[in-house]
Amino acid sequence: MQGTNLVVTNVSVNGVTANFNVAPTFKPYPIVVGTVATHSWISSMRVAASADDLMDDFTIIRNPCIYGNVFHDKNGMNDYYVNGTGIGIASGTQLYVVLVNGSGNVVKSVAVAADGTYSISNVTPGNYETRLCTSAGTVGNPAPAASLPALWANTGENIGAGAGSDGVTNGIMLAVNPTAGTRLTGASPVLTNSTGVFINFGINFGPLPVTLVSFTAAKQEKIVLLKWTTATEIDNDYFIIERSSNGTNWETISQVPTQGNGSNLQYYQGKDMTPLSGVNFYRLKQVDIDGKFVYSKTVMVDMRHNNEQTLMLMPNPVIGDGLTLILSDIEATGNCKILLYDMTGKITKTYNWPLVKGTNNMTINGMQTLAKGVYQVIVEDQYGRKIGKARFIK
Ligand SMILES: [Ca+2]
Ligand SMILES: [Ca+2]
């Protein structure tokens with residue numbers, strides 16, 4: 001093959017077909033560069049025949065993309081999550097996500113799809129700002145300011161699927177720095193569109209009536225004390241404390257009236273005088289004077305005695321992909337089995353872990369792929385005996 005012209009019209013890897021549109025050059029082996037029209041997140045592909053004439057050096061250079069969702073997030077950060085129903089058109093106005101470089105100019109911009117998703121593909125690695133705007137701007141020109149249609153407000157924006165926002169709810173995510181393009185090599189590279197930066201924006205129609213800055217529940221002897229703090233309140237009516245044994249079915253514990261409109265911190269507390277003997281979940285239902293309501297995040301209190309709590313889970317609720325199990329006072333070694341059950345009692349994941357005597361710190365991954373909900377973790381020793389049990393929230 002060396003020194004001979006080779007014509008490659010397309011190459012297929014894992015069902016992805018590359019349409020080569022660049023003239024091949026061969027120095028000293030055939031090298032072909034092309035792009036894949038249907039997978040814009042691949043910036044280039046190269047096929048090189050090695051000395052044995054087999055095309056076994058297949059390289060795909062993939063630039064990262066910036067992608068994510070725009071959510072109609074009716075409870076804002078009260079539940080500490082940028083989430084909700086996807087939205088691409090707000091009050092009839094198309095939304096755009098604009099990628100802005102250090103000079104303040106538009107690098108790329110995309111219209112947000114009707115389901116709230118967007119994807120800016122083939123981004124050259126570098127430092128950017130992303131803005132949620134009502135206009136696309138023009139590439140190379142000064143970027144439009146972050147903007148929303150009348151009566152809509154930003155409620156948060158964050159990187160990744162976890163909780164929290166970047167702290168300033170202005171429709172701007174600062175200092176986004178996608179890493180360099182991933183290079184996949186070999187005869188059968190696995191193609192996925194996973195490289196990139198995942199950014200979500202949350203917006204809401206009108207300001208949120210109540211901004212909750214904290215909500216905690218703590219065991220106090222035989223009762224549970226619930227405390228929460230609001231930063232702003234507009235036309236709030238009351239809070240309802242709800243309790244659940246499983247995170248699905250909720251009952252009302254008590255109702256607490258608002259302390260009134262305000263933009264200073266307001267402190268509240270309530271009590272559950274008769275908590276359930278095992279795990280108790282709590283949430284707040286905040287109700288406006290016009291009857292609209294939103295739920296807070298869920299918190300958990302375990303009323304079991306301390307000597308029954310051999311298994312601790314962190315962080316709980318889970319934030320990223322990892323969950324650390326801390327199992328103390330282990331006497332027998334051998335492989336244990338970690339079983340994750342969803343609330344229907346179905347095993348969703350299993351892990352094996354070699355135990356050591358004493359305290360075991362075991363970090364398992366895969367939490368990102370779990371649906372939101374409450375899960376039970378059961379740890380069994382090598383003989384199938386239950387040695388730890390705990391619940392967590394995703
Ligand atoms: Ca939210
Ligand atoms: Ca921001």
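Bear in mind these aren't lab numbers, they're just calculated from the coordinates by the rules spelled out. Just so you know, these numbers come straight off a predicted model, no measurement behind them. Virtual Cβ from ideal backbone geometry, glycine too; neighbours counted across all protein chains shown.
Quick look at the numbers
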quantity	calculated
Estimated FRET transfer efficiency (Ala175, Tyr383; beta-carbon r; R0 56 Å; 0.05)	0.60
Whole-angstrom gap from the stretch 345-394 to the stretch 92-150, using each part's C-alpha centre	42
Other-chain or far-sequence residues with amide H under 5 Å of Gly164's (modelled H)	Tyr81, Val82
Sorted peptide list for 269-277, 321-329, criterion being average Cβ within 10 angstrom, highest first	321-329, 269-277
Inter-label distance for Glu331 and Ala161, nm, one decimal - labels placed 7 Å from Cα along Cα-to-Cβ	4.1
Cβ crowding within 10 Å averaged over residues, with 209-216, 108-115, 71-78, 287-294 ranked highest first	71-78, 209-216, 108-115, 287-294
GluC sites (Glu not before Pro) restricted to DSSP loop in the stretch 292-394 with at most 11 other C-beta within 10 Å	Glu331
For the stretch 210-287: relative contact order, % (alpha-carbon pairs under 8 angstrom, 6 or more apart)	37
